[in-house]
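Participant: Take this structure, written in structure tokens, and hold onto it; I'll ask about it next.
The values are calculated or read from the model by the stated rules, or taken from the named source; none is laboratory data. These numbers come from a predicted model, not from an experiment. Cβ placement follows ideal geometry from the backbone for every residue including glycine, while neighbour counts extend to all protein chains displayed. Surface areas here come from the heavy atoms of the whole protein model, side chains and all, with no ligands, DNA or RNA. Shrake-Rupley method; radii C 1.70, N 1.55, O 1.52, S 1.80 Å.
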Amino acid sequence: MKHIKTRIRTNTRAGKAAQKVAGVSVAELQKALTGDQATLQKLGSMYREGQMAAALMPAITETVKTKIKNESDWNKFLGELVASGSKAEVDIQKAKRQASFANIKYLDDMDELREQFKASLEMEKGRHSWAIDYNRARLFADMVIQDVEGQVRLLEQGSRIQLKQLQENQNHELKVAEHLLEYGDNADLSLIHKRDYQAEVKSPMGIIRRLRNALGI
């Protein structure tokens, strides 16, 4: 080793840092090259540790990665669970409130319907009572009018003969006057005939006879 020259400065900050990381100094390496047993033993231990680390490193790395991934997945799952659970709870509470509101609205609607039915029933009772009273009043008025009209028609029929006789008397007087004006001294009033309806009334047998003839009795 004494014939090998060290041309790189190892006492720099970078060199010292490299030796610190490696766990062995350049001086110790030089001793190992010269067969120093203690240094060789140290390097042997480091070698075995390195081999063990090299053999176990992939598994350890995979284990750590798996642990990290599992922890990430677990926390992600917990986050989704919390988010889904909170959303589900909000939806449940919302559904409960909607159901409660629907129930209250149903009860209110039923109360309003009952009150509306009561009001409609009272109105219908009033309308029915009014309609009955109205129909009774109209029927009474119709009966009175019909009775009066019937009586008047009977009276009018009874007065027709007298009215007809009055009309005939006026007509006869007019015909007499016209006949006298037309013929003067030559007038003959016996030619002017006068209808006597009242005389017929006083002879009921004549009327009864004509009624029988008209009816074919």
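Participant: Could you state the principal axis extents of the C-alpha atoms in segment 29-72, from the largest down, to the nearest angstrom?
Facilitator: Computed over segment 29-72, the largest-to-smallest principal extents equal 52, 14, 11 Å.
Participant: On to the next question. To the nearest 0.05, what FRET efficiency results for F140 and D111 with a Förster distance of 41 Å applied to their C-beta separation? Don't skip to the answer; put the middle values down first.
Facilitator: Details: r = 43 Å, r/R0 = 1.05.
Here the calculated transfer efficiency is 0.40.
Participant: Let me ask you something else. Of Q165, F101, P58, which is farthest along the charge dipole of segment 47-182 in the positive direction, counting Lys and Arg as +1 and Asp and Glu as -1 at C-beta?
Facilitator: Projecting each Cα onto the dipole axis, the largest value belongs to P58.
Participant: For the chain, find the longest principal axis of its Cα atoms and tell me its angle to the long axis of helix 13-22, 0 to 90°, nearest 10.
Facilitator: Approximately 80 degrees, to the nearest ten.
Participant: More than 21 Å apart: what percent of Cα pairs in the chain qualify? Mind dumping the intermediate values first?
Facilitator: Numbers: 19786 of 23436 pairs.
Cα-Cα pairs of the chain separated by over 21 Å account for 84 percent.
Participant: Can you give the accessible area of H172 in Å² (nearest 10), computed on protein heavy atoms with a 1.4 Å probe?
Facilitator: Answer for H172: close to 40 Å² accessible.
Participant: About the Cα centre of the chain, how large is the charge dipole given +1 on each Lys and Arg Cβ and -1 on each Asp and Glu Cβ? Please answer in debye to the nearest 20.
Facilitator: 3780
Participant: Could I ask something else about it? Any idea what angle helix 37-183 forms with the longest principal axis of the chain, computed on alpha-carbon atoms, 0 to 90 degrees, nearest 10?
Facilitator: Roughly 0 degrees, rounded to the nearest 10.
Participant: Next up: I'd like the accessible area for E156: 1.4 Å probe, protein heavy atoms, all chains in place, Å² to the nearest 10.
Facilitator: 100
Participant: Here is a follow-up. Compute the angle between helix 204-215 and the longest alpha-carbon principal axis of the chain, please, reported from 0 to 90 degrees and rounded to the nearest 10.
Facilitator: In the chain, helix 204-215 runs at an angle near 50 degrees to the longest axis.
Participant: Please report the accessible area of Y183 (heavy atoms, 1.4 Å probe, ligands and nucleic acids excluded) in Å², nearest 10.
Facilitator: That residue has around 110 Å² of solvent-accessible surface.
Participant: Same structure, new question: Suppose only helical runs count, i.e. DSSP H with n ≥ 4. What mean residue ellipticity at 222 nm does that imply for the chain under -39500 (n - 2.57) per run, divided by all residues and rounded to the nearest 500 deg cm²/dmol? Spell out each step's value before the answer.
Facilitator: Values: 5 runs with 182 residues, N = 217.
That calculation yields -31000 deg cm²/dmol at 222 nm.
Participant: If you don't mind, another one. Please list, by residue number, everything in segment 161-178 whose backbone N is under 19 Å from a paramagnetic label point 7 Å out along Cα→Cβ of E200.
Facilitator: Only 161-173 fall inside the zone, counting backbone N under 19 Å.
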